[in-house]
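Report on the following structure.
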Amino acid sequence: MSRAARRRAALNLTLALIGLLGAVLALGLGDYPLTPAQVVEALVGSDSGFARTVVVEWRAPRVMVALAFGAALATSGALFQSLTRNPLGSPDVIGLSTGSYTGALVAMAWAGSGRLATTSGAIVGGLATAVLVYVLAHRDGVQGFRLIVVGIGVTAMLHAFNLFLLARLREETAMTAAIWGAGSIGLIGWDRALPALAVLAALTPLTVAAAPALRQLELGDDAAGGHGLRVEPARLAILALGAALTAVVTASAGPIAFIALAAPQIAQRLTRSPGTPLLASALLGGLGLLAADLAAQFVLPMAVPTGAVTVVLGGAYLVDLMIREARSDKTAR
Amino acid sequence: MEPLQRLSAQAVTLAYGRRLVAQELTAAIPHGGFTVIVGPNACGKSTLLRALARLLSPRAGQVLLDGRSIANQPTKAVARQIGLLPQTSIAPPGIAVEDLVARGRYPHQSLLQRSPERDRAAVVEAMAATGVSDLAEQAVDELSGGQRQRVWIAMALAQDTDIILLDEPTTFLDIAHQVEVLELLTSLNRRGKTVVAVLHDLNQAARYASHLIVMATGRVVTTGAPSEVMTEALVSQVFGLPCLVLPDPVTGSPLVVPRRAERTD
Ligand SMILES: Nc1ncnc2c1ncn2[C@@H]1O[C@H](COP(=O)(O)OP(=O)(O)OP(=O)(O)O)[C@@H](O)[C@H]1O
Ligand SMILES: [Mg+2]
């Protein structure tokens, strides 16, 4: 392991510790404020007073979900950006979140606003969009830039379709749909959090297993194939994994922008790692969504959905990214 | 006597989509030899190398490794026998030399089975053999073209295969570094590796190869020892270049000297 690799490991450890501290702080914030010491006492202590109810029943789901969903979105973004070798190749840019929204809207239009219908609709919608983009972009293997261009086209079409669907929904269903479409983790209690967290936990070992293949694909298809990787199946599996991570999160919380796009890029700058770092992205994604959710609850004068905060940040970041790309393109020539 | 061979292409038809590159091409790689493939641009040298390394499946025919079709062998098992340095590879931005070389260990690693000491030893040895040990901590994208090429070769060496295929390992190098890389390949060959390289310089090919494969538009024109194969007639047939072939004053191997182009003024 080179010095650079050791430095990255230290940085990851630091990020994990910050995440832990952030979580303890967040568990203390609210109408019934608690000091970090009280939070720890409530978590690990034996007494089952009111503080414990507040921390474990009310606040813990939201904090856990923020960390886990942020990590999942960022990992998904890292997988897609690494495969496409492009900072814009993130699942929300190539249409997976929009596709999940379409799936949810279709489910609501036909099966009402029941949670099971919405969730399954969103998962099916997200995965179907991934398949659609993959098939449309496929020509003798899938190449990154084509995937992004096709993805952006599909996003635009689905977006128009979503507006059409929203206009046709009955009024109260449309309200539910709009709230879901804004992306919020505030309404998720343990009952809804647990299934999603369980699926994410199941996807984690798969992601760990996929990491070496991802590192090989960074070397170009021929070098990766020369090392014994089955290039096209590996790419397909990684795309499927990335799509599943985003679909699960979107199905429970609605589309949450920015995290998948930005966390991997910031992680890469911070760790100066070759390629897109999976672990650092996940850690930063968790931190990022936790921070965005705290801002949505406590910093802004009125409560707004988490998704709104990340959309604003994401929009600014995207503009900045595009300006930089345009500039570096010019200087490259 | 037919040279012993472990790797060969048997009547392979190679194509990209509808673009047919080679039909019923047969080529054998002598075991323990230093084989050089020469031929004009776009004649299919890289394509043949990719087929030999199992990156491209033949439409017809088969590539044999130790008498068995490589298409039926696990990719990682093939990659433990045959290493490939592709014509173009990508170094992830900012990667340290040592970390890049270590990625060549992939075919020896699995989720359940890892031997970090063996990996580490192979990486150290590969960097020493290519003279890049001092650069271990440096970022690959901050190296000169020659240093970078040696790092890529180190990655292929770390793969620790009996057979190594190199696609134009000397391109972008100055003459001193070209010779250095060729000498490196020769010394690897002496230590028992079967080396196959695509080269464009006919004189270097003739000097370093123990076996030549001469290609033109998707077929093998001729094969054999450089002293027998490299003739004026062949060079003018394959490259359309009138030339003289003299004995190389240093090694005695054939030396190709292009004749002056006819002046029209
Ligand atoms: N991925 C590809 N898709 C379609 N056609 C290809 C592809 N790669 C190569 N070809 C075509 O196959 C033919 C042989 O290419 P190949 O790369 O094997 O040539 P080469 O002998 O290695 O040439 P060079 O000396 O320029 O490297 C060329 O006509 C090329 O255009
Ligand atoms: Mg070539």
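The values are calculated or read from the model by the stated rules, or taken from the named source; none is laboratory data. Not measured: the values here are computed from a predicted model. Note that each Cβ is placed from the backbone with ideal geometry, even for glycine, and that neighbours are counted across all protein chains shown. Remember, those area values only see protein heavy atoms, side chains included, never the ligands or the DNA or RNA. Shrake-Rupley method; radii C 1.70, N 1.55, O 1.52, S 1.80 Å.
A few comments on the model shown:
- Apportionment of accessible area to carbon and sulfur, chain B, percent (1.4 Å): 51
- With the charge dipole of the protein assembly as shown set up from +1 on Lys and Arg Cβ and -1 on Asp and Glu Cβ about the Cα centre, the Cα lying farthest toward the positive end among the listed residues B:Pro242, B:Gln159, B:Met215 is that of B:Met215.
- Gaussian network model of chain B, springs between alpha carbon atoms under 10 Å - residue of B:Leu234, B:Leu48, B:Leu199 with greatest fluctuation: B:Leu234
- For chain B, the 222 nm mean residue ellipticity estimated from helices alone, with every DSSP H stretch of n ≥ 4 adding -39500 (n - 2.57) and the total spread over all residues, rounds to -9000 deg cm²/dmol.
- Rolling a 1.4 Å probe over the protein heavy atoms gives the range A:65-332 an accessible area of 41 Å² per residue.
- The range B:166-221 and the range A:264-333 have Cα centres spaced 48 Å apart.
- When only the Cβ of Lys, Arg, Asp and Glu is charged (+1, +1, -1, -1), the dipole of chain B relative to its Cα centre reaches about 960 debye.
- With a 1.4 angstrom probe, the accessible area lost at the B-A interface totals about 2200 Å².
- Rounded Å value of the spacing that divides the Cα centres of the range A:165-187 and the range B:53-108: 51
- Charge dipole of the range B:39-179 (Cα centre as origin; +1 on each Lys and Arg Cβ, -1 on each Asp and Glu Cβ, all else neutral): 760 debye, rounded to the nearest 20.
- Here the protein assembly as shown is assigned +1 on the Cβ of each Lys and Arg and -1 on the Cβ of each Asp and Glu. Its dipole about the Cα centre then comes out at about 520 debye.
- Drop in accessible area of at least 40 Å² in the complex versus isolated chain, residues of the range A:254-276, 1.4 Å probe: A:Pro274
- Farthest positive-ward along the protein assembly as shown dipole, Cα basis, beta-carbon charges - from A:Ile238, A:Gly103, B:Gln147: A:Gly103
- Springs between Cα atoms under 10 Å define the GNM used for chain B, and in it the highest mean-square fluctuation of B:Glu232, B:Glu183, B:Glu117 occurs at B:Glu117.
- For residues of B:81-87, the mean tally of beta carbons on other chains within 10 Å: 3
- Protection proxy ranking of A:4-17, A:245-258, A:123-136 - average other beta-carbon atoms within 10 Å, highest first: A:245-258, A:123-136, A:4-17
- Over the protein assembly as shown: Kirkwood hydrodynamic radius from C-alpha pairwise inverse distances, Å: 27.0
- In the range A:1-45, the residues that give up 40 Å² or more of accessible area when the other protein chains are added, compared with the chain on its own (1.4 Å probe), are A:Ser2, A:Arg3.
- Each Cα pair under 8 Å and six or more residues apart adds its separation to the average, and for chain B the resulting relative contact order is 23 percent.
- Distance in nm between pseudo-label sites at A:Leu206 and A:His159 (7 Å out along the Cβ direction from Cα): 2.9
- A:Ala210 sits among other residues whose Cβ lies under 14 Å from its own Cβ, and their net charge, with Lys and Arg +1 and Asp and Glu -1, is +2.
- Accessible area of the range A:65-332 belonging to carbon and sulfur atoms, whole % at 1.4 Å probe: 71
- Share of Cα-Cα pairs in the range A:65-332 lying beyond 22 Å, as whole percent: 53
- Based on protein heavy atoms only, the range B:121-265 ends up with 47 Å² per residue of surface accessible to a 1.4 Å probe.
- Ranked packing of A:304-317, B:156-169, most packed first, by mean Cβ within 10 Å: B:156-169, A:304-317
- All other residues whose Cβ lies under 13 angstrom from that of B:Val196 are scored, Lys and Arg at +1 and Asp and Glu at -1, for a net of +1.
- Chain A - percent relative contact order, Cα under 8 Å, separation 6 or more: 28
- Diagonalising the gyration tensor over the Cα atoms of chain B and scaling each eigenvalue by 5 before taking the square root yields semi-axes of 31, 24, 17 Å, largest first.
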